[in-house]
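The values are calculated or read from the model by the stated rules, or taken from the named source; none is laboratory data. None of the values given here were measured: they were computed from a predicted structure. Quick reminder, even Gly has a Cβ in these numbers, built from the backbone with ideal geometry, and neighbours come from all protein chains shown.
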Amino acid sequence: MTIRRIAALLAAGALAAGLAGCTSAIPAATNSASSGEGAKLTGTVTVFAAASLKATFTKIASEFESANPGTKVTLNFAGSSDLVTQITQGAPADVFASADTRNMDKLEDANLIDGTAENFATNVLEIAVPPANPASISSFADLAKPGVKVVVCAPQVPCGSATETVEKAAGTTLSPVSEESSVTDVLGKVTSGEADAGLVYVTDIKTAGDKVEGIPFTESNSAVNTYPIATVGASTNKDLAKAFMAAVTGSSGKKVLTDAGFGAP
């Protein structure tokens, strides 16, 4: 073999070795935690969500954990205004999902949200009555009849704010026997027989099944609640928080929400 031939073989071998080294370095960079691409998700993400999201977010969280072994979703449900107060006071949350944009705006104005909130669903009110409908409710105006025990959400809660909007649109003023801090509390008053009727969301009635009867009313269209979701600025696991948000706003999350009766944002 000539000297020229040996030199050529050595050069080719060196070039191949160099290319092999470069090829093996690319996946390492792509899969690194700093790149955020292809990295395995681990740890716990704490989600603060509006009470009306309990059924859907519980399902989405379960699916998320199954798809991402090594992760855990901790859920905290309450009225959106109560959750805002908790976050403002330093409660450890990674994700916040509100039943209205007004409460999300409070956190954004206080610079407690990372990035921009994303709207992911809508909801409207419906009248919930016990299966026997003892007060013979058939319209929103019927809720104002003497002797009717109606329960609503407090004004600072999204469902309460929506109730006030509907009252103005309908020209009907209600005299509730109680104002609750969450829509699930309103539903509880109806299912327990403590109220003749309550104003809750369409999704709550669907979730309740045969425990209540739902009565739609046209005035509800005047108060459509939009649900936004965002990563909390103080989150200690923002990669996982953003991944959970993507699960909510993605195709699988949308299906869960749609099946539960939520509308598109």
Practice item. Would you tally the residues in segment 137-151 being within 32 Å of the chain's Cα centre (by Cα) and among the basic types (Lys, Arg)? Key: 1
Check your understanding: Within segment 169-187, which residues are touching a Cys at 6+ places or on another chain (Cβ under 9 Å) and not in a helix (DSSP H, G or I)?
Key -> Glu179, Glu180, Ser181, Ser182
Review point. With Ile229, Ile215, Ile205 as the choices, which residue is of a type in the set (A, V, I, L, M, F, W, C), at pLDDT 95 or above and within 15 Å of the chain's Cα centre (by Cα)?
Key: Ile229
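For (1) hydroxyl-bearing (Ser, Thr, Tyr); (2) not assigned by TED's automatic domain parsing to the domain that holds Val84, each residue gets a yes or a no:
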residue: Pro158; (1), (2): no, yes
residue: Glu164; (1), (2): no, yes
residue: Thr173; (1), (2): yes, yes
residue: Ile205; (1), (2): no, yes
residue: Thr218; (1), (2): yes, yes
residue: Val232; (1), (2): no, no
Review point. Of the residues Val200, Val248, Val190, Val166, which is outside any loop (DSSP other than H, G, I, E, B), surrounded by 16 or more Cβ atoms within 10 Å (Cβ to Cβ) and without any contact (Cβ under 8 Å) to a residue 60 or more places away in the chain?
Key: Val166
Exercise for review: Inspect all residues belonging to segment 218-226 and state whether any of them is crowded, with 23+ Cβ neighbours inside 10 Å, at pLDDT 95 or above and more than 27 Å from Ser136 (Cα to Cα).
Suggested key: yes
Check your understanding: Of (1) outside any loop (DSSP other than H, G, I, E, B); (2) within 16 Å of Phe244 (Cα to Cα); (3) not hydroxyl-bearing (Ser, Thr, Tyr), Ala93 satisfies all except one. Which?
Key -> (1)
Practice item. Give me a count of the residues in segment 38-54 that are among the aliphatic types (A, V, I, L, M), surrounded by fewer than 19 Cβ atoms within 10 Å (Cβ to Cβ) and modelled with pLDDT of 95 or more. Key: 0
Check your understanding: Which one is nearest to Val256 (Cα to Cα) among residues in segment 172-213 that are of a type in the set (Gly, Ala, Ser) and out of contact with any helix residue (DSSP H, G or I) (no Cβ under 9 Å at 6 or more places or on another chain)?
Key -> Gly209
Review point. Of these, Ile215, Ile205, which one is touching a strand residue (DSSP E or B) at 6+ places or on another chain (Cβ under 6 Å), touching a residue at least 12 places away in the same chain (Cβ under 8 Å), surrounded by 20 or more Cβ atoms within 10 Å (Cβ to Cβ) and not basic (Lys, Arg)?
Key: Ile205
Practice item. Quickly run through segment 130-163 and pick out the residues that are among the polar types (S, T, N, Q) and surrounded by fewer than 19 Cβ atoms within 10 Å (Cβ to Cβ). Key: Asn133, Ser136, Ser138, Ser139, Gln156
Revision key, fill the gap. Of the candidates Val177, Val200, the one satisfying the condition of being under 27 Å from Lys106 (Cβ atoms) and in the same structural domain as Ser136 (by TED's automatic domain parsing) is Val200
Check your understanding: If you scan segment 45-90, which residues turn out to be under 14 Å from Ala241 (Cα atoms), part of a helix (DSSP H, G or I), more than 11 Å from the chain's Cα centre (by Cα) and of a type in the set (A, V, I, L, M, F, W, C)?
Key -> Phe64
Review point. Quick one: what pairs do we get from segment 51-66, first residue farther than 20 Å from Ser81 by Cα, second at pLDDT below 95, C-beta under 8 Å, 6+ apart or different chains?
Key: none
